[in-house]
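A short worksheet on the structure shown next.
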Amino acid sequence: MAFSAPPSAAGGVRNPSGRKPLGLVQNIIKRKHSFAQFFAMTGILLLSCRSLGQKYRMYNLSEDAAALREDQENLTSRMNNIKQSLLAEAAREPTGAFAARLRLLFGDESN
């Protein structure tokens, strides 16, 4: 047995009370307290997400700063090792001209 739709339902969806549904603007005006609360809560949620993102960005920046500090210490150590080995090599030269030139370049006042 096939069901047929009643003629009143074929034209579209109607309110049981027979009134025309409200439009978006009328709904906003009617329920302005709810919409204001919705927008306030949405704003709070967006601010929370933003501050959470900033928290993790700060954490990543602090990790990067620590890695850069470690790299700087490694480079400084390597530079000092190279400097010491060059000065030791120059000290073995009999004339001392190379050692004097290196001391001038490095700004080293010790003999």
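We did not get these values from a lab; they are worked out from the coordinates using the rules stated. Just so you know, these numbers come straight off a predicted model, no measurement behind them. With ideal geometry, Cβ positions are generated from the backbone for all residues, glycine too; neighbour counts draw on all protein chains shown.
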Measuring from label point to label point, each 7 Å out along Cα→Cβ, what is the Q72 to I28 span in nm? 5.3 nm
Mind giving me the FRET efficiency for Q37 and D64? R0 is 35 Å, r the Cβ-Cβ distance, nearest 0.05 is fine. 0.30
Karplus couplings for region 34-51 from phi (6.51 cos²θ - 1.76 cosθ + 1.60, θ = phi - 60°), rounded to Hz, Gly and Pro as x? 5, 5, 5, 5, 4, 5, 5, 5, 5, x, 5, 5, 5, 5, 5, 5, 5, 5
Mind listing which trypsin sites (Lys or Arg not before Pro) in region 15-103 are in a DSSP loop and have 11 or fewer other Cβ atoms within 10 Å? R19, R92
